[in-house]
């Protein structure tokens, strides 16, 4: 059974117009009739230039952006038909890492407070000592110590902030993790370390990953199956080996060339 199944998903953004605007109001299909299937424990990648619709797709899957059409099923449950209350119960299973870690933090909260909030929402059964042990274990998973708990995220470097994000997400015990170009703002060494962490937790915890990025080489490194996205649509799909040896669409060939694979 597929963990996530997406059928003809469309998300339309409206631009321009308004009471005092002379420009006509236009509709842009940020996501245009997208379909995909994610099997449990696998990694599916989506590669495409900035503005192709990757982030819009991720936000629509999480119901942060409302869909304009199509269906999404998580363990065969139609998430767009769920009440907000019922979907909130499911949110621990569906988590997302943003490109910039600051998007995941509340201003004025320490790292400790960030973890406490996740555990309060998703692991209420844990006692105080169990919660403390759990947080330290999660930090160790991403190579951090408990010394960072008293700090504010702004006091950490970007690499450590992203590691805190990953550890905090793991506290919710997700089954599906959407990674929206999480190494985009990191240096090369930090990028490689984040990718290693994600691969390790994907294998050890059997988490399903949906990995989105501009850099085709990163998507290829992470994924079992790749969809190339352009203007809201999947223009080509295949395994990394299939796309490397027989890419047909110009967008795929351009991404391969930019990554140095050709």
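Remarks
- Which numbered condition residue 31 misses (of (1) touching a helix residue (DSSP H, G or I) at 6+ places or on another chain (Cβ under 9 Å); (2) more than 24 Å from residue 208 (Cα to Cα); (3) modelled with pLDDT of 95 or more): (2)
The rows are residues; the columns are (1) more than 21 Å from residue 247 (Cβ to Cβ); (2) free of Cβ contacts under 8 Å to residues at least 24 places away in the same chain.
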| site | (1), (2) |
| --- | --- |
| 177 | yes, no |
| 203 | yes, yes |
| 207 | yes, no |
| 216 | no, no |
| 235 | no, yes |
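- Checking each residue in the range 142-153 for being surrounded by fewer than 17 Cβ atoms within 10 Å (Cβ to Cβ) and part of a helix (DSSP H, G or I) picks out 146, 147, 150.
Conditions (1) part of a loop (DSSP other than H, G, I, E, B); (2) without any contact (Cβ under 8 Å) to a residue 12 or more places away in the chain; (3) buried (at least 20 other Cβ atoms within 10 Å of the Cβ); (4) touching a helix residue (DSSP H, G or I) at 6+ places or on another chain (Cβ under 6 Å), marked per residue:
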residue	(1), (2), (3), (4)
45	no, no, yes, yes
58	no, no, yes, no
64	yes, yes, no, no
71	no, no, no, no
95	no, no, yes, yes
117	no, yes, no, no
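- Elements of the type strands (runs of 3 or more DSSP E) sitting completely within the range 167-262 and holding at least 3 residues that are surrounded by fewer than 19 Cβ atoms within 10 Å (Cβ to Cβ): these cover 233-238.
The values are calculated or read from the model by the stated rules, or taken from the named source; none is laboratory data. In this text, all values refer to a predicted model and were calculated from it rather than measured experimentally. Here Cβ is always computed from backbone atoms with ideal geometry, including for glycine, and neighbour counts include all displayed protein chains.
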